[in-house]
1. Please determine whether any residue of segment 30-44 is open to solvent by less than 90 Å² (accessible area, probe 1.4 Å), of a type in the set (A, V, I, L, M) and touching a Leu at 6+ places or on another chain (Cβ under 8 Å).
2. Tally the residues that are over 20 Å from H98 (Cβ atoms), in a helix (DSSP H, G or I) and open to solvent by less than 70 Å² (accessible area, probe 1.4 Å), restricting the search to segment 47-80.
3. With the requirement that a residue be part of a helix (DSSP H, G or I) and surrounded by fewer than 14 Cβ atoms within 10 Å (Cβ to Cβ), what does segment 81-93 give you?
4. Of everything in segment 101-121, what is part of a helix (DSSP H, G or I) and among the charged types (D, E, K, R)? Give them in sequence order.
5. If only one of P8, P24 is within 20 Å of the chain's Cα centre (by Cα), surrounded by fewer than 10 Cβ atoms within 10 Å (Cβ to Cβ) and closer than 27 Å to Y107 by Cβ, which one is it?
6. Report, by residue number, each residue of segment 45-103 that is polar (S, T, N, Q) and within 30 Å of P24 (Cβ to Cβ).
7. Any residue in segment 29-46 that is closer than 30 Å to E75 by Cβ, among the β-branched types (V, I, T) and part of a helix (DSSP H, G or I)?
8. Name the pairs whose Cβ atoms lie under 7 Å apart, with the first residue in segment 13-30 and at negative phi, the second open to solvent by less than 60 Å² (accessible area, probe 1.4 Å) and of a type in the set (S, T, Y), and 6 or more positions between them or separate chains?
Amino acid sequence: MQTLEESPIIQKTWELCQAILDQPDFHALRRQIDTFMTNEDAKAQYQYLSEKGEYLQQKQQIGSPLTPEEIADFERNREVFLNNPVARDFLDAQQSMHKLQESVHQYVTKTFELGRVPETDDFESGSCGHGCGCH
């Protein structure tokens, strides 16, 4: 009996993973993320913005108005963060990784949906397809 690790699908998945790792851009993206993860100042700025943004969003959701001071403080800290090259590179790398993940996910999802390997035209309709949840 064949184990999951021995299945052709898992083997091809490993090949896909290796192909991703073999891309020169992938290593540059990983370096940008790793640089950010070792930069305590950038991580602290990110943490502050995440927490402050979440707080402001929750405040709005319960109907409380945001004060001009709160907005100005958030925007000021956001600008400081975005002007940090390590932080900016991290955000760019994160976005590129997300795009790659999303692309792979769309192809796999479309394969299950269509029952065949998708073609470029299959993605040009402006919709992911029936039952995708994006509508």
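The values are calculated or read from the model by the stated rules, or taken from the named source; none is laboratory data. The shown structure was predicted, so the numbers you read here are calculated from the model rather than taken from an experiment. Methodologically, a virtual Cβ is constructed for each residue, glycine included, from the backbone with ideal geometry; neighbour enumeration extends over all protein chains shown. Remember, those area values only see protein heavy atoms, side chains included, never the ligands or the DNA or RNA. Shrake-Rupley method; radii C 1.70, N 1.55, O 1.52, S 1.80 Å.
1. Checked segment 30-44: no residue is open to solvent by less than 90 Å² (accessible area, probe 1.4 Å), of a type in the set (A, V, I, L, M) and touching a Leu at 6+ places or on another chain (Cβ under 8 Å).
2. Number of matching residues: 8.
3. L82, P85, D92
4. Of everything in segment 101-121, those that are part of a helix (DSSP H, G or I) and among the charged types (D, E, K, R) turn out to be E102, K110, E113, D121.
5. Matching residue, one of P8, P24: P24.
6. Q45, N83, N84, Q94, Q95, S96, Q101, S103
7. yes
8. L29/S96
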